[in-house]
Each structure stands twice: as structure tokens, then as C-alpha cells.
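The values are calculated or read from the model by the stated rules, or taken from the named source; none is laboratory data. None of the values given here were measured: they were computed from a predicted structure. With ideal geometry, Cβ positions are generated from the backbone for all residues, glycine too; neighbour counts draw on all protein chains shown. Just so you know, the surface numbers come from the protein's heavy atoms only, side chains and all, with ligands and any DNA or RNA stripped out. Shrake-Rupley method; radii C 1.70, N 1.55, O 1.52, S 1.80 Å.
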Amino acid sequence: MEGDFIKINKWLLPLSWLYGMAVNLRNTMFSIGILKSRSFDVPVIAVGNITVGGSGKTPHVEYLIRLLKDTFHTAVLSRGYKRKSKGFVQATAKTTMPEIGDEPFQMKQKFPNVIVAVDKNRCHGIDTLVENDKDIDVVLLDDAFQHRYVKPGINILLVDYHRLIIYDKLLPAGRLREPLSGKDRADIVIVTKCPKDLKPMEYRVIMKAMSLYPYQQLFFTSIDYGELLPVFQETKEALDLHHLKDYSALLLTGIASPQQMTHDLQPLIPQLTPLAFGDHHIFSKKDVGLINSTFAALPSPKLIITTEKDVTRLRLVEGLSEEVRQHLYALPITVCFLQEQAQLFNQQIIDYVHKNSRNSILVKRKDDHKSQDSNHSGNRPRTISFRDN
């Protein structure tokens, strides 16, 4: 477990020490109030990590969207990494991927009734969202654990099972963006991308090694895969992963950590050829040529599997061969909680939003005001009930 995908460059440790000094200074400035963290009247839930690379942020934000959207007026605010626009942008049905970035675009496509916006300045973004829509019940901050200018009501830290932060080092020797003590700001820590057959002993080892405080809760999640969905040939039927043993497949990814996906698909599709690019990769003409030629060389029957995030960029690419377009499928992923922890997690999130949504607070203030009026008029004080709209 300790060695999975972790490479530490010991020669760079002196530079990591200098980097750590700078990060500690910034965190200290927040701690003593030189730099200010803001709280908001609307419930804010932040999801993020303290490492470079993917830890499953988007699937976990989408889990929260599914949990909340039918009961609460939900908004998602992201930085909009590598977008072509600046400032605050709220997505509409006509918004393009380059305007807001691939991950926010993916979420807006999947959840059209949820508000999705981007703003590098998260405080300004939250202010603008609330100003534009007074009925917002909760704001989900994507990739914002280190954005200290916002003080969320719930801070969720994601930790990749294959690169546990307790065994990592600071940049540039390792991948930590801040010292391990940064995890102390989390209310909830989720170990992501866990094997579904994780042994009880491994749970105990990780729980002890993470050394969390009593106020912090530790959860474990794994990845669930849906049916393969055709990208360009939308009239085609979806494909079941469990019926593809006779196929050869090109696994095309432009994400931070494709190792778990490769590991999970290999037993289902033995003839799997990975073709991995960097996270948020913009496919060049040379890349397109490599994709076309690699797929053409595979024996039939064959297909290409890619991620939903990569689809948002591949749809804009010119030069994909007709053969590639006909056989390109997206693999949806969702997260599932292990150890029957889903109910505990869900209830904690829902209770927080219920108790802190602006509508609930207004109702409670109205009840408080009525109670005070009743006391002043000499009437017997009544019990104030906490109601939610």
C-alpha cells in the first residue's frame, strides 16, 4: 500500500523544505488573521485535496449534487481550470467547454437544472451567485480545500488510496501542496479509489496512520462504473463492460490518475491498450494522429474507451478518423461508500444544509421574533420549533 504509485525524489528534499517554509508562512498568516477567511450566510461545502494530481474531486462533487439537488436549490462553484474566459461566468445551456473548463462543463451537461459557475476568486463567486439568486440553499466548492479565503461550513479532504498523504512529501520531491498538518482543517476525510475488497486490517492501519482528531470523520469510497455510452454515434446502444472479453480496447485518458481505471478494466477486457495523456490535456494534431493509428492497429472487434471529462474536449477535436468516431465510448463513473458508511455521510451533509440554509434561518428568526413579541405581551412563552422549508 505504501509504495503504490509513490515516487519520492530525495535529491529535491532541500527544495521541498524551502517550499514548506513558504506554505507554512501563508497558513500562519491565515491562522493569526493577517489574511482573512470569510464565512457566508449560505451553507458552503468545500471539496478538495492537498496533493497535485487527481483524487476523485469531480465524482465526489457529483455525488453531493445527486444527494442534494432534489431537495435543495444547489449551486456549484469551480475555478474553471484552463478555461478561456476570465472572472465570474455562470453556465447556461449555450455555454461552451472552453468558456468554463472541462469539469464544470461536464457537471452542467449532466445536471442542467443545477447552477454551475466558475470564478478564480471564490469569495467573489459566492457573493455573485447569492446576489443573482436569493433562493440558493447550498454552494458546493470544487477543488477548494486550499482556498483559505473562504471558510466553509464543511471542509472535505480527499486522499487517494494509491498515494496516501501520510507517505508523501512536499513539492517538488513529492506531490504534497502543503504539509501533512493541512489535513487538520478537514471536517471529513475521504480515502478515495479504494479496492472494493479492502481488508479489515487495511482499514484499521489507515485509520491509525491518518491520526485524525476526534472532530474529524474518516470515510472510504470506491469507484463504480456505468455502461459505456457512445460519444458520436448516439443512436447506438450502450455497452455492458461485462460482455467485452472478446474485444480489444484502447483506453484513452487525459486525467491525472488513470491507474485505477486501467487496473479495474484489465480483468474485464484482457486486450486493453492504455494511451494516457496529462490531466486536462488539449489534444493536438499529432495526438489525433497517434489515436487514429493506434486504434487502427488493434484487432477487431474493438472499441475506444474514454472518460466523461475527456469527452468534453474530444468533441471539439478535428481529424479523428471515422473509425474512431464510430467506436468511441464514454465510461461514466460514480463513487460508492464502503463499510456501509453512505447513510452516515449523507445524513451529516443533509443535516448541515437543513440547519444552515438561509430559508431555515429566516424561519427560525421569524419564530424567535414572534416569541419575543409573545413574552413582551405577557403571554406564556411557547416552545420554538426548528422548521425547514
Original post:
Roughly how many Å² of M29 are accessible to a 1.4 Å probe, to the nearest 10?
Top reply: 60
**OP:** Within the set of other residues whose C-beta is less than 15 Å from the C-beta of S16, count the net charge using Lys and Arg as +1 and Asp and Glu as -1.
**Re:** +3
Original post:
Considering the zone a paramagnetic label at F232 would reach in this model (a point 7 Å from Cα along the Cα-to-Cβ line), which residues of segment 298-326 have amide N under 11 Å from it?
Top reply: 315-326
Subject >> Binned Cα-Cα distances of the chain, short to long, each 20 Å bin given as a whole percent >> reply: 24, 55, 18, 3, 0
Subject >> Linear extension gain, K208 paired with I282, 0.36 nm per residue minus alpha-carbon span >> reply: 22.6 nm
Subject >> Residues of segment 239-281 with amide N under 16 Å of a point placed 7 Å along Cα→Cβ from T334 >> reply: 241
Subject >> Helix 13-31 axis, angle to the chain major axis (alpha carbon atoms, nearest 10°) >> reply: 30
Subject >> Using alpha-carbon coordinates, inclination of helix 200-210 to the longest axis of the chain, degrees >> reply: 60
Subject >> Computed helical MRE - 222 nm, the chain, DSSP H runs ≥ 4 contributing -39500 (n - 2.57), nearest 500 >> reply: -10000 deg cm²/dmol
**OP:** For D310, D135, write out the residues from largest to smallest accessible area, computed with a 1.4 angstrom probe and no ligands counted.
**Re:** D135, D310
Original post:
To the nearest 10 Å², what's L229's accessible area with a 1.4 Å probe?
Top reply: 80
**OP:** Would you please put 350-356, 194-200 in order of how densely packed they are, using the mean number of other Cβ atoms within 10 angstrom per residue and starting with the highest?
**Re:** 350-356, 194-200
**OP:** Provide Rg over Rh for segment 1-132; use the alpha carbon set for both Rg and the Kirkwood Rh (inverse mean inverse pair distance).
**Re:** 1.03
Original post:
Net charge near E131, counting Lys/Arg +1 and Asp/Glu -1 over other residues with Cβ under 14 Å of its Cβ?
Top reply: -3
Original post:
Which value, in Å², gives the accessible area per residue of the chain when a 1.4 Å probe is used on the protein heavy atoms?
Top reply: 50
Original post:
What's the carbon and sulfur percent of the chain's accessible surface, probe 1.4 angstrom, rounded to a whole number?
Top reply: 54
Original post:
Given labels modelled 7 Å from the Cα in the Cβ direction, how far is it in nm from L13 to K36?
Top reply: 4.2
Subject >> Reachable lysines from K302, criterion Cα separation under 30 angstrom, eight or more residues apart if same chain >> reply: K110, K193, K196, K236, K245, K285, K286
Subject >> On Cα atoms only, tilt of 122-132 relative to the major axis of the chain in degrees >> reply: 70
Original post:
If each of Y149 and L180 carries a label point 7 Å out from its Cα toward its Cβ, how far apart are those two points in nm?
Top reply: 3.1
Subject >> Over 20 Å (Cα to Cα) - which of K82/K108; K10/K183; K94/K309 fall in this group >> reply: K10/K183
